[in-house]
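Undergrad: Can you keep this structure in mind? I'll have questions shortly.
Here, each number is a calculation from the coordinates, and none is a lab measurement. These numbers were taken from a predicted model, which means no experiment stands behind them. Heads up, the Cβs are rebuilt from the backbone with ideal geometry, glycines too, and the neighbour counts pull from every protein chain shown.
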Amino acid sequence: MNDEILLKRNCEAVLIPAGTKVTLQAGEPVLITQALGGSYTVIINGNLARIEARDADALGQSPAPLTPSTPSDPSDPSDSSDSKVTEQQVYAQLRTCYDPEIPVNIVDLGLIYDLQILPLPAGGNRVEVKMTLTAPGCGMGPILQQDVEARVAGIPGVKEAAVFLVWDPPWSRDMLSEAAKLELGMM
């Protein structure tokens, strides 16, 4: 994964940490530094950029599945909008989301502050997540927020998902899980 590759076609990317959208051109050389959670972090012209799974073919890659489980079967009654949603399901889905600069999922990074599963009167559930970022001024915040929201909304039984960025308490390295500290060589 540390070999330089040439982009197979033009594709959209987001510069890290600014969050600025750019179009990378076919034939430009990139180096994949991280391929986690369905997206790719690449180095291009000395800059970090995030490429979404839908553009994996531009890198000569096949997109990885975004969910931790097998796709739901629409004929399965347990997959209806009235399915019980558990914290374990939501946390499993959140563990598929990664900071594009750090090879650790957002749960183990300590970015998830609160999670609420609220039954809706018409059936189904609303899941509300309060999360933070490692740095308040990070331009990737809205992108991570959308990523988390989309993944949580994809859980059977979730009709609504809302993700709120919060800054209190401020994130610190003390919030890393033991697994994250081990992964990052901080033990």
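Undergrad: Karplus couplings for the range 131-137 from phi (6.51 cos²θ - 1.76 cosθ + 1.60, θ = phi - 60°), rounded to Hz, Gly and Pro as x?
TA: 9, 10, 10, 5, 9, x, x
Undergrad: May I ask you to list the aspartates and glutamates whose Cα is less than 17 Å away from that of K130, ignoring any residue fewer than eight positions away on the same chain?
TA: Counting by Cα, and skipping residues close in sequence, K130 has these aspartates and glutamates nearby: E87, D99, D108, D114, D147, E149, E160, D168.
Undergrad: Over the chain, what is the relative contact order in percent, taking alpha-carbon pairs closer than 8 angstrom and at least six residues apart?
TA: 18 percent
Undergrad: Compute the relative contact order of the range 4-59 as a whole-number percentage, counting only Cα pairs closer than 8 Å that sit 6 or more residues apart in sequence.
TA: 37 percent
Undergrad: When the helices in the chain are scored as -39500 (n - 2.57) per DSSP H run of 4 or longer and the sum is shared across all residues, what 222 nm value do you end up with, to the nearest 500 deg cm²/dmol?
TA: Theoretical 222 nm ellipticity from helices: -4000 deg cm²/dmol.
Undergrad: I would also like to ask the following. Counting alpha carbon pairs within less than 8 Å and at least 6 residues apart, what relative contact order, in whole percent, applies to the range 77-183?
TA: Result for the range 77-183 is 33 percent.
Undergrad: Further question on the same structure: Would you mind getting me the FRET efficiency between D168 and A122? Use the beta-carbon distance for r and R0 = 35 Å, nearest 0.05.
TA: Plugging the Cβ-Cβ distance into 1/(1 + (r/R0)^6) gives 0.60.
Undergrad: Can I ask one more? Return the FRET efficiency for the residue pair R9, E149: r is the Cβ-Cβ distance, R0 is 25 Å, and the value is rounded to the nearest 0.05.
TA: According to the calculation, E is roughly 0.35.
Undergrad: Give a residue-ordered list of calculated ³J(HN,Hα) values for the range 9-23 (Karplus: 6.51 cos²θ - 1.76 cosθ + 1.60, θ = phi - 60°; whole Hz; x for Gly, Pro).
TA: So the Karplus estimates, Gly and Pro as x, are 7, 4, 7, 7, 8, 10, 6, 10, x, 5, x, 7, 7, 9, 10 Hz.
Undergrad: If you don't mind, there's one more thing I want to ask. Starting from 0.36 nm per residue, how many nanometres of slack lie between A26 and A92 once their C-alpha separation is accounted for?
TA: 20.2 nm
Undergrad: Roughly how tilted is helix 141-153, in degrees to the nearest 10 and between 0 and 90, from the longest Cα axis of the chain?
TA: Between the helix axis and the principal axis of the chain, the angle is about 40 degrees.
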